[in-house]
1. Do we have PHE471 as assigned to a loop (DSSP other than H, G, I, E, B), among the aromatic types (Phe, Trp, Tyr) and more than 24 Å from the chain's Cα centre (by Cα) here?
2. For the subset of the range 418-430 comprising residues that are out of contact with any Leu (no Cβ under 7 Å at 6 or more places or on another chain) and of a type in the set (Phe, Trp, Tyr), which member is surrounded by the most Cβ atoms within 10 Å (Cβ to Cβ)?
3. Please go through the range 529-571 and pick out each residue that is at pLDDT 90 or above and surrounded by fewer than 17 Cβ atoms within 10 Å (Cβ to Cβ).
4. What about LEU203, is it crowded, with 24+ Cβ neighbours inside 10 Å, assigned by TED's automatic domain parsing to the domain that holds GLU291 and either under 11 Å from the mean Cα position of the chain (by Cα) or charged (D, E, K, R) (or both)?
5. Just one of (1) modelled with pLDDT of 70 or more; (2) touching a strand residue (DSSP E or B) at 6+ places or on another chain (Cβ under 9 Å) trips up GLY53, so point out which.
6. Report yes if some residue within the range 331-341 is at pLDDT 95 or above, surrounded by fewer than 24 Cβ atoms within 10 Å (Cβ to Cβ) and part of a helix (DSSP H, G or I); otherwise report no.
7. Considering only residues that are over 22 Å from GLU326 (Cα atoms) and either under 21 Å from the mean Cα position of the chain (by Cα) or not assigned by TED's automatic domain parsing to the domain that holds LEU315 (or both), which ones fall in the range 258-281?
Amino acid sequence: MRTMIGTRLSLLILITSSAALGCRGGDSEPVDYTHAALVDDFRPRTSGGGDWGLSRLDTVRIADGVSFIDDAASVSGSGGTAAALGRDGVGLRADRLLGPLISAGWQPRLVGVQVSLDGGGGELSVRLSDPDGATIWSAAEPLDARSAAVSFLYDGDEDAWLGEVSWRIDDGWGAAERVKLLIEAPQYADPMEETFLYTYAALSRCWDGDAGLIAARCADPDGEQAPEATALFALATAVAWDLGYVSGSDARAVAEAARASLLEAVPRQAGSGLLPERMLAEGSGYTVSGESYWSSLHTAVAVEAMILAAEATGLATDDLEALLEEVDWAGLTDAGAYPVLAGQDPSGAPLDWRLGVFGSKAVLVQIAHAAVTGELPPMELAYIPTWDGSGYDDELAALLFPMTGIDSYNNAWQSWRDGAFWKQHGWTQGNAAGERGLFGLSAAEVAEPWLAEGDGSAVYGDWGVGGHNQFGNDGSQTVGYAVHAPHYAAMAAAEHPDQCAPLFEGLLRDGLLGPLNAVESAGIDSAGALRWNHTHRAWTLALQALGAGRALSVSRAGDDYLPYRMLDENDFLRLGFEAALPGGAP
């Protein structure tokens, strides 16, 4: 006999709405989507000859010495495979699938497992295990050639911790086309609410509350840590509290832990005082990662975001402000002769570029510099556009500050951001990606990293529509099709809800965005097939969570976005902001 598990193998979450649950979430009609949850992102797999730390439908999966891929690999005897439901040693509770921080009233819960088959014989079994590998629930069903969808109702403990789901066919054969987790969910108000909750939940899976740090990649909790994303997570948690999704005590606890790590655990470059972009554990502390650098931008964003989060949760900010005051701004600008140096390599040698071109990267460093010195640093290209038209450089500053005014170089930020958005949105109109609602060229990994040539340096890029560099780069020369980053649409959704909503509606409907998975990037290949990367990278998730949070805040209460309110509470940041945008924020 043979076992065959293949043909577009995917793991899905089927979400239902139950009157028995009551309206635990929003007050609107339920959003009725089926979500694909490729949850084995948390166990790095090998694909295309390289271990890229993620899994997709066509990624090789190995169990019992057998490879199962999407073109119907087959073997003799029995076989099956598994998918991890969380990073090693950390699972999900069956009744709180969005993690421990989101309040119970917004949580979906597990009610079953379903396997869709194309024919079959023998016995199909499914198993849920805890994070240590012990079985917490299992079920089995005989198969015959008429088998289509076999559902197993979960009757295990409601609060069980889930580590892995596995499925297996013994003494038979079958083509398992889809495996679904059946989930009962609250009635969410709209797709943007779902986007925020799912993205924040994914980001929270990167969080180590004991260390007060966010892992740069959720699948590698012991690898590189991200100080900037840690501060952005603390701010996103405060926004979640402001929106009613997280308790005040949890928001404060996250902010306290993140603040403590930024002050005590994150190293600083001995000469410049800069923080690392990413860092690794070394001995009893941390040091800058050899693949990273000491960064002016990441220092500015980490401290600015942490100050706003601290203000929101009632924590002191003086010592956070001191982190920026201790930066050697004179050294980074050669005593005011040049724009701020981007940073230093791990050895302390200066990098060969500066932050002197219009955009969010430059203005966030300007705000930090002016908050300390009362003056703006020099600029090289102080006028619009940005260097490469990458979406995050248009919108990043607006996640922290109200970028609607006129800057010191007479650039009208709101007008610029609107124009940049329409250029981004127009990039895909009239083609297959646009028909699916996809758009947004921004900094992201490509959808299929194994297609990038060379040593992997082309896997991640600042994709953009073009700017001072005079050409657009949408990633098509790297992987053969344009790379679209949904985080940009979330960042722009507050001002352009009607244009951004179809992207998230499509991701939810197609099953790419859901309670257990996220979308780093997506694109349509030359054959018209949708390709995507669902790596959980903390930087991307933080941008998308804060963008969606800002959109929700604006849709509910005008411009009442928490970080903007907190700017009014902090004289230090307000001084820097008013120097950078003396035209104010109308």
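1. It is true that PHE471 is assigned to a loop (DSSP other than H, G, I, E, B), among the aromatic types (Phe, Trp, Tyr) and more than 24 Å from the chain's Cα centre (by Cα).
2. PHE421
3. VAL554, SER555, ARG556, ARG565, ASP568, GLU569, ASP571
4. For LEU203, the condition - crowded, with 24+ Cβ neighbours inside 10 Å, assigned by TED's automatic domain parsing to the domain that holds GLU291 and either under 11 Å from the mean Cα position of the chain (by Cα) or charged (D, E, K, R) (or both) - is met.
5. GLY53 satisfies all of (1) modelled with pLDDT of 70 or more; (2) touching a strand residue (DSSP E or B) at 6+ places or on another chain (Cβ under 9 Å) except (1).
6. Within the range 331-341, one or more residues are at pLDDT 95 or above, surrounded by fewer than 24 Cβ atoms within 10 Å (Cβ to Cβ) and part of a helix (DSSP H, G or I).
7. Within the range 258-281, LEU280 is the sole residue that qualifies.
Every residue, every condition in (1) among the aliphatic types (A, V, I, L, M); (2) over 22 Å from the mean Cα position of the chain (by Cα); (3) more than 17 Å from SER360 (Cα to Cα); (4) assigned to a helix (DSSP H, G or I), yes or no:
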| position | (1), (2), (3), (4) |
| --- | --- |
| ASP394 | no, no, no, yes |
| THR404 | no, yes, no, no |
| SER415 | no, yes, no, yes |
| ALA433 | yes, no, yes, yes |
| ALA444 | yes, no, no, no |
| ALA482 | yes, no, yes, no |
| ALA489 | yes, no, no, yes |
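The values are calculated or read from the model by the stated rules, or taken from the named source; none is laboratory data. Here the structure is a predicted model, which means the values were calculated and not measured. Glycine gets a Cβ as well: all are built from the backbone with ideal geometry, and neighbour counts include every protein chain shown.
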